[in-house]
Amino acid sequence: MTLLALEQLDVRHGLLRAARDVTLDVAEGETLALIGANGAGKSTLLRAIAGAHKPAGGRVVFDGVDITSVPAYRRVRLGIALVPEGRRLFGALTMEENLLVARRDGRRGPWNVESVLEAFPLLAARRKTRAANLSGGEQQATAIGRALMTNPRLLLLDEVSLGLAPVVVESVYRSLRELIEHGATIVLVEQDLNRALSVATRVACMLEGRIVLQGRADELTRDQIVEAYFGLRHHGRPGEPSP
């Protein structure tokens, strides 16, 4: 069943078209990795889905309902949660208080403080610690946990691994895999191609605001993805960059 459908979505920053005629479906229970170079339009697209950036054209359809004009707070109540790049926690509040802030506008469901701590064991001993004093990995886990507290049907994750040490990234991704195994529907923006492919069921690659490649993760080759990422034919010559 299609949970999210973007229909010829056009999103602008002033005169700049950050997302151009994007048509994309996300099925319930699917993990879609949205990849592309910096400036490709990935984060802007997530914000448009979450209602934080108004599209200039096209439609956002969620569970069969056109929500293009629905404000962000109502989209949370419908079941859409965004974990933005940079985490954006309330630094003066404790880790637990950051989780509880999200509960008011959320939906009823299985996610609460205890279930979040179970999903992210690295937070268990930090519930009374101010968010500003958490490590980068703990902050990222808190940001994801805060989104889960709304009991979302669709979780939008923007740059989960950005700025984190590899061992911390592995811990966060271990928890993400558990969420996926329990049927979560996720759209993941990730610069680390290997990490994205390790959890994705489908991949969509953006280039200059457009979707230039999409398909099942197990049916696309790395060469196809790299070529789409750069917008060039990739011949695998020594010394060529890879994402």
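Some points to look at:
- Subset of segment 79-119 that is small (Gly, Ala, Ser), touching a residue at least 40 places away in the same chain (Cβ under 8 Å) and not in a loop (DSSP other than H, G, I, E, B) - its residue that is farthest from Arg47 (Cα to Cα): Ala119
- Given (1) assigned to a loop (DSSP other than H, G, I, E, B); (2) over 13 Å from the mean Cα position of the chain (by Cα), index of the condition Ala132 fails: (1)
- When we screen Thr201, Thr221, Thr185 for residues that are of a type in the set (S, T, N, Q) and either touching a Cys at 6+ places or on another chain (Cβ under 7 Å) or buried (at least 18 other Cβ atoms within 10 Å of the Cβ) (or both), the only hit is Thr185.
- From the list Leu93, Leu34, Leu100, Leu16, the lone residue that is under 17 Å from the mean Cα position of the chain (by Cα) and on the phi < 0 side of the Ramachandran plot is Leu34.
- Of the residues examined, Arg130 is not one that is more than 19 Å from Ala81 (Cα to Cα), out of contact with any Phe, Trp or Tyr (no Cβ under 6 Å at 6 or more places or on another chain) and crowded, with 20+ Cβ neighbours inside 10 Å.
- Matching residues, segment 96-117, being polar (S, T, N, Q) and under 15 Å from Gln139 (Cβ atoms): Asn98
- Meets criteria (at pLDDT 90 or above, of a type in the set (Asp, Glu), assigned to a helix (DSSP H, G or I) and surrounded by fewer than 16 Cβ atoms within 10 Å (Cβ to Cβ)) for Glu138: no
- Residue count for segment 122-145 satisfying the condition of being out of contact with any strand residue (DSSP E or B) (no Cβ under 8 Å at 6 or more places or on another chain), farther than 18 Å from Pro166 by Cβ and not hydroxyl-bearing (Ser, Thr, Tyr): 8.
To keep it simple, each residue is scored yes or no on (1) small (Gly, Ala, Ser); (2) within 19 Å of Ala200 (Cα to Cα); (3) at pLDDT below 95.
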site: Val26; (1), (2), (3): no, yes, no
site: Thr31; (1), (2), (3): no, yes, no
site: Asp63; (1), (2), (3): no, no, no
site: Ile67; (1), (2), (3): no, no, no
site: Val76; (1), (2), (3): no, no, yes
site: Gly86; (1), (2), (3): yes, no, yes
site: Gly91; (1), (2), (3): yes, no, yes
site: Asn98; (1), (2), (3): no, no, yes
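- Among the residues of segment 155-168, those identified as closer than 21 Å to Ala81 by Cβ and either modelled with pLDDT under 90 or out of contact with any helix residue (DSSP H, G or I) (no Cβ under 8 Å at 6 or more places or on another chain) (or both) are Glu159, Val160, Ser161, Leu162, Leu164.
- Among the residues making up segment 145-171, those that are assigned to a helix (DSSP H, G or I) and surrounded by fewer than 23 Cβ atoms within 10 Å (Cβ to Cβ) are Pro166, Val167, Val168, Val169, Glu170, Ser171.
- Residue check: Leu207 meets all listed conditions (1) on the phi < 0 side of the Ramachandran plot; (2) in contact with a Lys or Arg (Cβ under 9 Å, 6 or more places away or on another chain); (3) surrounded by 15 or more Cβ atoms within 10 Å (Cβ to Cβ) but one, namely (2).
- Hey, Arg74 basic (Lys, Arg) and free of Cβ contacts under 8 Å to residues at least 24 places away in the same chain or not: yes
- Hits in segment 1-52 - residues which are surrounded by fewer than 17 Cβ atoms within 10 Å (Cβ to Cβ) and either in contact with a Cys (Cβ under 9 Å, 6 or more places away or on another chain) or charged (D, E, K, R) (or both): Glu7, Asp10, Asp21, Asp25, Glu28
The values are calculated or read from the model by the stated rules, or taken from the named source; none is laboratory data. Predicted, not measured: the structure shown is a model, and the values here were computed from it. Glycine also receives a Cβ, built like all others from the backbone with ideal geometry; neighbour counts cover every protein chain displayed.
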